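Inspection log for the structure reproduced underneath, given as structure tokens.
The values are calculated or read from the model by the stated rules, or taken from the named source; none is laboratory data. All values derive from a computational prediction rather than experimental measurement. A quick note on method: Cβ atoms are made from the backbone with ideal geometry, for glycine too, and the neighbour counts reach across all protein chains shown. Ligands, DNA and RNA are excluded from the accessible area calculation, which covers all protein heavy atoms including side chains. Shrake-Rupley method; radii C 1.70, N 1.55, O 1.52, S 1.80 Å.
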Amino acid sequence: MRELLARPGHELLDLIEDREVHPYELSLEQARLSHELDSQLDSFTVWNDLESRGPLPYTPQQDGIRRFSQLPYAAKDVFCTSGLQTTAGSRILKGYIPPFNSTLVDLLERSGSYLLGKTNMDEFAMGSSGETCAYGHSRNPWHLDYVPGGSSSGSVSSVAGCQAVMALGTDTGGSVRQPASFCGVVGFRPTYGQLSRYGMVAYSSSCDQAAVFTRCSLDCALAMNTLSQPDPQDSTCHPSSSGDYFEFARREVHWEKLRVGVIREFTDPGRIDAPVLANYRASLDKLAAAGTQIVELDFPLADYCLPAYYIITAAECSSNLARYDGIRYGPASGQDELLARYVETRGAGFGAEVKRRILLGTYVLSKGYQDSYYDRARRLRRDIRDQLLSWFESVDIIATPTSPTLAFPFGARNEDPVRMYIADLCTVFVNLAGTAGISVPNGFGSDTAPDGSTVQLPTGLQLVCAPWSDELLLRVAHNFELLSGWRYTPPQWIAKKLGIQAK
Ligand code: GLN
């Protein structure tokens with residue numbers, strides 16, 4: 001059965017429906033393989049005991065819609081799981097066992113899907129490499145000395161490393177698309193409001209969005225059919241479509257009718273590294289050869305995206321993280337005096353990156369500075385959204401590189417937070433505008449590892465649509481996979497464990 005575990009979810013569903021595979025057996029085998037691989041990948045922080053929980057009940061809906069169901073998946077440790085520790089990668093939440101499930105975990109449970117465990121992540125989803133996690137770090141399956149990207153680091157390594165068929169992540173500024181590009185899988189962030197945020201530990205509420213990793217775009221569509229439901233617990237969740245993402249994504253794209261926008265500033269060799277740019281250009285050539293009209297777009301606000309993003313998210317996180325005070329959440333301190341209690345709990349409980357952002361956020365919100373920083377960032381955000389909406393009057397989809405660089409070795413950027421922030425150069429405008437984006441693998445590039453050897457690492461093509469056009473986005477992404485002939489294959493060492501052929 002092991003050889004099946006590199007296949008996309010929709011193919012596994014076919015086998016389940018044809019009764020060639022039993023879903024519970026499949027998930028048990030997946031759990032065994034995940035445990036084995038985790039000694040190298042470190043994707044998981046907590047495991048769910050599937051054996052003792054037994055098979056999940058599943059009643060198929062009779063509407064003919066295919067949904068992600070009966071399959072094994074992993075969840076970023078930012079999603080609350082009833083009875084299973086949830087820490088958001090932080091020390092301050094160590095030992096916190098939520099009494100409830102996040103809405104998405106509930107929906108997956110009701111679809112008979114098996115939660116394998118919770119995955120490693122940057123502390124409170126702040127980071128781009130997985131290295132700010134309080135519990136060690138996950139590794140890139142393509143080279144274990146390289147970061148898998150972040151903040152959804154364990155979720156991406158679990159999907160890229162055949163430890164799960166799908167994984168939930170969150171994407172506040174790129175935390176699903178950037179790791180997907182670093183690890184050669186698909187990462188999809190839906191339009192803000194398509195998926196419930198209920199039960200997701202908050203970082204920046206106006207940018208946070210649940211998102212998914214899969215091994216092909218069709219599986220993202222499959223997941224959307226399960227997850228995209230209105231939720232009375234989240235007033236910002238009002239999905240645009242109750243239709244069939246999967247069926248829509250499978251339809252052919254008439255490339256000659258599609259207009260793809262290319263943002264000039266994100267094709268600048270001064271900003272984007274050579275191997276990434278080469279693969280990006282090759283992808284555009286494929287689209288153009290198929291008849292797509294490529295439209296150049298100017299983005300004079302490009303340099304303001306990162307500052308606006310880091311001001312807004314810092315401001316929101318300083319407020320969201322106020323609840324970890326040792327009284328509402330976090331370990332109680334023995335101090336008698338209130339301020340001393342806060343200082344002790346928060347001083348010991350938060351890591352350096354989180355403290356940096358809380359300080360920055362408190363500063364930009366403080367009297368006298370609010371107008372110069374926070375309000376200005378909010379005005380910029382509105383201008384960025386207006387710019388994006390005006391582009392979509394003349395194009396259907398925008399294509400950019402997902403990340404300006406390949407994955408990098410552990411430790412390479414920890415000394416310089418600003419270099420780390422640059423990893424989000426091409427992704428944050430999507431979050432500021434509240435729209436959807438997807439990263440689809442588009443090749444490999446070489447890097448020289450610290451030991452002097454040459455390493456091949458994946459790159460990603462980011463596709464972005466107008467708000468609420470998620471169905472179109474998934475359809476274009478799936479058709480791009482067909483056009484470029486890409487199909488996920490695991491790294492050699494993992495393929496060997498599965499007894500299948502690799503690249
Ligand atoms: N790297 C970005 C940050 O640290 C994005 C994080 C995310 O999307 N959760 O804010």
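General remarks:
- Eligible lysines near K286 by straight Cα distance, threshold 17 Å, same-chain separation 8 or greater: K257
- Accessible area, probe 1.4 Å, largest first, for residues T170, T267: T267, T170
- Mean residue ellipticity, 222 nm, helices only, the chain: the sum of -39500 (n - 2.57) across DSSP H runs of n ≥ 4, divided by residue count and rounded to 500, is -10500 deg cm²/dmol.
- Ranked packing of 211-218, 301-308, 86-93, most packed first, by mean Cβ within 10 Å: 211-218, 86-93, 301-308
- Fully extending the segment from I97 to Q370 would add 94.6 nm, taking 0.36 nm per residue of separation and subtracting the current Cα-Cα distance.
- Share, in percent, of DSSP beta bridges within the range 40-151 that are antiparallel, nearest 5: 55
- Ratio Rg/Rh [Cα only; Rh per Kirkwood] for the range 343-393: 1.23
- The residues S52, S235, S205, sorted by heavy-atom accessible surface at 1.4 Å with ligands and nucleic acids left out, run S235, S52, S205 from largest to smallest.
- Once the C-beta distance of Q233 and W47 is scaled by a Förster radius of 35 Å, the resulting FRET efficiency is 0.85 to the nearest 0.05.
- In summary, the lysines within cross-link reach of K355, defined as a Cα separation below 25 angstrom excluding same-chain residues under 8 places away, comprise K76, K94, K118, K367.
- Linear extension gain, W493 paired with R385, 0.36 nm per residue minus alpha-carbon span: 34.5 nm
- When the Cα gyration tensor is reduced to axis lengths a ≥ b ≥ c, the ratio a/c is 1.5 or higher for the range 413-481, and with a/b not above b/c it is classed as oblate.
- Largest-first ellipsoid semi-axes for the range 305-450, taking √(5λ) over the Cα gyration tensor eigenvalues, angstrom: 34, 23, 13
- Shape analysis of the chain places it in the rounded category; the axes a ≥ b ≥ c from the Cα gyration tensor give an a/c below 1.5.
- Cβ-Cβ FRET estimate between I65 and E252, R0 fixed at 22 Å, reported to 0.05: 0.65
- Built amide H within the under 5 Å cut-off of N442, gap 5+: T459, G460, L461
- Among beta bridges identified by DSSP and lying wholly in the chain, the antiparallel ones come to about 65 percent.
- For the range 123-196: rounded, prolate or oblate by the Cα gyration tensor [a/c cutoff 1.5]: oblate
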